[in-house]
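Input: a single structure, listed below in structure tokens.
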Amino acid sequence: MKFLVVTNAPTLYQNKTYCAYAPYVREMDIWSDYVDEFKILSPNSYSGKLLIAPFKNQPELVAVPSLQLTSIKHIILSVIKLPIIIIALFKAMIWADHIHLRCPGNIGLLGCVVQIFFPKKIKTAKYAGNWDPNAKQPLSYRIQKWMLSNTFLTKNISVLVYGNWPNQSKNIKPFFTATFNDAEKEQVKTRDYSKPLQFMFVGSLVEGKRPMFAIQFVQQLVKSGTKATLDVFGDGILKAQLQDYIRINNLDHVIKLHGNQSKDTVKAYYKTSHFLILASKSEGWPKVLAEAMFFGAIPIATNVSCVADMLGEGQRGLLITPDINNALKTFKSYTEDQFKNLSINALQWSQTYTLDRFENEVKDLILFKENREISNK
């Protein structure tokens with residue numbers, strides 16, 4: 001099978017190998033294990049910092065220019081680039097047996113348009129953003145969701161989305177992502193919630209993830225007399241601001257910024273921390289919540305995207321608003337026994353979503369589609 005991935009995620013050439021954003025690479029390594037030829041259509045440069053890893057199965061790259069719509073100059077340049085990208089998309093889709101779209105994104109949007117001309121081609125789409133029909137999102141995101149849902153324009157496709165949403169078209173398939181495998185399941189010792197509480201934040205230090213909320217939440221908790229600490233994992237544009245805030249407010253003994261760390265290092269903290277805070281403005285499937293829950297850490301998260309579904313509407317974690325006082329009031333309303341039950345429920349739920357299960361789901365998608373294609377010939 002000739003497998004084509006259309007994505008906005010840059011594919012970089014370093015040390016004589018193709019690399020990309022590490023979590024995306026780990027996922028594509030699973031998909032590419034079940035195909036004969038593997039091609040990626042994407043930009044091949046990126047100006048910012050990126051945690052990258054090499055593809056296990058090295059792809060053939062169709063490099064296209066990136067599109068930016070942040071200024072008049074960028075819009076004009078993007079319009080000039082459009083014919084180049086569209087021609088490349090047509091050529092790549094003619095080559096492919098299976099077209100895999102990664103959305104949302106500008107390249108994904110163009111992929112959604114061009115795939116219309118290939119109604120008989122086998123397709124999957126991974127929508128990594130918020131699929132909530134009522135979410136306020138940019139116009140380009142809404143267009144992609146509409147096109148992927150439209151069974152007249154988009155045929156022969158399984159659209160993988162995060163969460164279970166009502167009134168969806170027949171091609172929409174609730175899906176998930178995973179970090180740990182079956183062999184990593186553990187019976188974690190029940191936490192003692194009467195001791196000093198350990199909190200975590202894991203994610204990019206950017207406005208959308210609200211790392212300052214996590215810091216101020218723990219700061220106010222300590223001020224109110226609760227012994228607590230916060231370990232922050234991740235890097236980003238807000239790092240210097242967060243460091244200054246910690247220093248000015250004398251929180252060095254309470255809050256520690258670890259930067260980006262290895263999977264094993266973060267995993268060790270998941271096993272001992274009581275809570276993980278993620279007050280995001282928007283999410284797709286917030287993997288760090290599922291990761292923390294896998295080892296019994298209780299998520300404290302804003303009700304965005306499929307978070308309420310992940311947290312069992314409050315049976316596996318705390319759903320909060322992005323208001324410190326309200327969040328603290330919610331937190332303090334729980335007893336130690338209730339926290340213990342939340343931890344058990346979180347672990348049991350998350351340990352059903354493993355890499356082994358993910359691989360089986362991907363395998364079924366690819367091989368089922370491939371067998372159907374063969375039977376139609």
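The values are calculated or read from the model by the stated rules, or taken from the named source; none is laboratory data. Note that this is a predicted model, so its numbers are computed, not measured. Note that we place each Cβ from the backbone using ideal geometry, even for glycine, and neighbour counts take in every protein chain shown. The accessibility values were calculated without ligands, DNA or RNA, using every heavy atom of the protein model including side chains. Shrake-Rupley method; radii C 1.70, N 1.55, O 1.52, S 1.80 Å.
Each of 190, 204, 233 was scored by the projection of its Cα onto the charge dipole of region 164-242, and the greatest displacement toward the positive side belongs to 190; charges sit on the C-beta of Lys, Arg, Asp and Glu.
Taking the mean number of other Cβ atoms within 10 Å as a proxy for protection, how do you rank 173-180, 78-85 from highest to lowest? Display every interim value, and only then the final one.
On the way: 173-180: 19.0, 78-85: 13.4.
Result, highest mean first: 173-180, 78-85.
How do the peptides 27-36, 256-265, 195-204 rank, highest first, by the average count of neighbouring beta carbon atoms within 10 Å per residue? If you can, show how the numbers build up before the last one.
Values: 27-36: 18.2, 256-265: 12.8, 195-204: 20.7.
Those peptides, ordered most packed to least, come out 195-204, 27-36, 256-265.
Tell me the angle of helix 72-95 to the major Cα principal axis of the chain, expressed in degrees between 0 and 90 and rounded to the nearest ten. On a 0 to 90 degree scale, this one is about 60.
Helix 355-376 versus the longest principal axis of the chain: what is the Cα-based angle in degrees, 0 to 90, to the nearest 10? Tilt of helix 355-376: around 20 degrees.
When you count the other C-beta atoms within 10 angstrom of each residue and take the mean per peptide, 324-330, 71-77, 226-232 line up highest first as 226-232, 324-330, 71-77.
Rounded to the nearest 20 debye, what is the charge dipole size of the chain about its Cα centre when +1 sits on each Lys and Arg Cβ and -1 on each Asp and Glu Cβ?
Working: 45 positive and 31 negative charges, 148 e Å.
It works out to roughly 720 debye.
Be a star and scan region 115-155 for residues whose amide nitrogen sits under 13 Å from the point 7 Å along the Cα-to-Cβ vector of residue 167. From region 115-155, the list is 133-135. Length gained on full extension, residue 315 to residue 84, computed as 0.36 nm times the residue gap minus the Cα-Cα distance: 78.1 nm.
Per residue, the chain reaches -12000 deg cm²/dmol at 222 nm when only DSSP H runs of four or more residues are counted, each adding -39500 (n - 2.57). How many percent of Cα pairs in the chain exceed 39 Å? Within the chain, distances greater than 39 Å cover 20 percent of Cα pairs.
Run the accessible area of the chain with a 1.4 Å probe and give the carbon-and-sulfur part as a rounded percent. All intermediate terms of the calculation are to be shown ahead of the outcome.
Numbers: 9450 of 18010 Å².
Heavy-atom surface of the chain belonging to carbon and sulfur, 1.4 Å probe: 52 percent.
Taking 0.36 nm per residue of separation and subtracting the Cα-Cα distance, full extension of the segment from residue 348 to residue 182 would add 58.5 nm.
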